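A.B. asks: The following block contains the structure, expressed as structure tokens.
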Amino acid sequence: MADVKMKTIMRDGIWNNNVVFAQMLALCPLLAVTSTATNGLGMGIASLAVMIASSLVVSIMRDFITKEVRLPVFVLLIATIVTLVDMSMNAWLHEMHKVLGLFIPLIVTNCAILGRVESFASHQPVGKAVADGFFMGIGFTVALVAVGATREMLGSGTLFANAALLLGDAFAFMELTVIPEYGGFLLMILPPGAFIALGFILAGKRVIDARISRDEDNDLPIIPTPAEGHSH
Amino acid sequence: MSLSKTTVTTPSYRQRIGYHGMLVGGTALLASALLVMGNTSTKHVIAQRHAEDVQQMLSEVVPPTLHDNDLLHDKFELDGKEIYQARLENEVSAVAFQVAEPGYSGIITMIMAVNKDSKLLGVRVVSHTETPGLGDKMEAARSDWVYSFEGKQLSDDNHKQWAVKKDGGQFDQFTGATITPRAIVKAVKAGMQFFANHKQRLLSYEPGPESAISEVKENG
């Protein structure tokens, strides 16, 4: 635990220990906002910023925080960061805030941030904590966009609708109509659609994981790693 | 692991209740200090941006051909509402004001304009916190829905028409969201009622002390 490689942090964040697909955290914002891929992307970017910032702050303060009162301290810090991000975006990135602003209060309900801070950043050096926040945030963004894209395609037949509002007019090319003259499938836009899409994506990930581990079994036999020496 | 490490390396004072209290208290103090600093440094900028938004919305609902005065600063108060009066050569041509109504998750604030023939010129949503992707279709940038108000009138015999289609009215609801459009229709209807009740005052031009002050300021 004490010595985690950067590569492991990256692989865990994006795939092996993905916030949504492996830890099954942050389902509340996931269900709420992924009716389109663009919304998923917006929520992902906002969460990414907060994850990096909270991992950084908690990692700096990790030596002062005792385990008895760590949770109220973490919650206070995260809520403060979210509020500060909200205020400064409203003031200085006003156009972006008009689009992302709706997502920011939802970040406080994201238990994944508290989870990462608690299980990683609170006992890792600053650099690794920030890297973990970054890759966990990227993994979360990937999950949100995947679920959002699935629901959007099945629900309204488009992909990345209104992306230009979020990212600027230069990204208008992302807005695709996958199925023209599509009547729409309301179920997929409503929250049950998120559960259904998530279920299929999770099953897909299991299949890929099973295939990967089978391939590894064939290539090189797994040598049980000797238990690491007890820390003193 | 980390647990045993903590117990060995932690100085004894960290196990006292007092330290825990100080830690939480200190963090709360730090958090409040940061928030106060953040609030004071962004407050004015946010207010400025909000005023720009209102001006932008005003210019969308009141066409520039309808007024030759400075809409944003030419306002007066009536019944707790700020009224923006559009005038052409001192003749009132239209008025704009804000209306608000709780939506699905928080207050929706709108600005609406009515011309001197009691016709609705337009409605724009200034701020809201509705669900992204479901309730946000009332933004003019996302959907044409809000334009469906243009040209509508409220009279004694079309009260029932001022509702969403689900309730037997003339306005569409959104796919998956009825509460948001219902709230907006209700607020705009109340705004039309407000206009009808105060038509006399709203359409008369009385240069009040406020505009006199602003004129003095501009001259000086």
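A.B. asks: Of B:GLY80, B:GLY103, B:GLY169, which is the most mobile in a GNM of chain B whose springs link Cα atoms less than 10 angstrom apart?
C.D. replies: Sorting by GNM fluctuation, first place goes to B:GLY80.
A.B. asks: Let me ask another. To the nearest 20 debye, what charge dipole does the protein assembly as shown have about its Cα centre, counting +1 at the Cβ of each Lys and Arg and -1 at the Cβ of each Asp and Glu?
C.D. replies: 1500 debye
A.B. asks: Which of the pairs B:LYS152/B:LYS186; B:LYS119/B:LYS166; A:LYS98/B:LYS166 have their Cα atoms more than 19 Å apart in this structure?
C.D. replies: As for pairs spanning more than 19 Å Cα to Cα, those are B:LYS119/B:LYS166; A:LYS98/B:LYS166.
A.B. asks: Still on this structure, I have one more. Modelled label-to-label distance, A:VAL207 and B:HIS44, 7 Å Cα→beta-carbon offset: nm?
C.D. replies: Distance between label points: 6.0 nm.
A.B. asks: Nothing charged except the Cβ atoms of Lys and Arg (+1) and of Asp and Glu (-1): what's the magnitude of the dipole of the range A:6-217 about its Cα centre? Round to the nearest 20 debye.
C.D. replies: It works out to roughly 400 debye.
A.B. asks: Same structure again: Give me the inter-chain shielding for A:146-155: mean count of other chain Cβ atoms within 10 Å, whole number please.
C.D. replies: Other-chain Cβ atoms within 10 Å of each residue's Cβ, averaged: 1.
A.B. asks: Using only Cα atoms and rounding to the nearest 10 degrees, what angle (0 to 90) does helix B:209-219 make with the longest principal axis of chain B?
C.D. replies: So the inclination is approximately 80 degrees.
A.B. asks: Mind ranking B:19-30, A:128-139 by how tightly packed they are, going by the mean number of other C-beta atoms within 10 angstrom, highest first?
C.D. replies: A:128-139, B:19-30
A.B. asks: What dipole magnitude, in Debye to the nearest 20, does the range A:90-173 give about its Cα centre under +1 on Lys/Arg Cβ and -1 on Asp/Glu Cβ?
C.D. replies: Details: 4 positive and 5 negative charges, 24 e Å.
Charge dipole, the range A:90-173, about its Cα centre: 120 debye, nearest 20.
A.B. asks: Continuing with the same structure: Count the DSSP beta bridges whose two residues both fall in the protein assembly as shown, then state the antiparallel fraction as a percent rounded to the nearest 5.
C.D. replies: 95 percent
A.B. asks: Where both residues lie in chain B, what percent of DSSP beta bridges are antiparallel, nearest 5?
C.D. replies: Bridges in chain B that DSSP calls antiparallel: roughly 95 percent.
A.B. asks: Between the range A:90-119 and the range B:74-110, how far is it from one alpha carbon centroid to the other, in angstrom?
C.D. replies: Each part's Cα centre sits 32 Å from the other's.
A.B. asks: Can you give me the span-like helices of chain A, meaning DSSP H runs with 24 Å or more of Cα extent along the axis and Kyte-Doolittle mean at or above 1.0?
C.D. replies: Span-like helices here: A:37-60, A:70-92, A:126-156.
Values in this text are rule-based calculations from the coordinates and carry no lab data. Bear in mind the structure is a predicted one, so any value in this text is a computation, not a measurement. All Cβ positions, glycine included, derive from the backbone under ideal geometry; neighbour counts span all protein chains shown.
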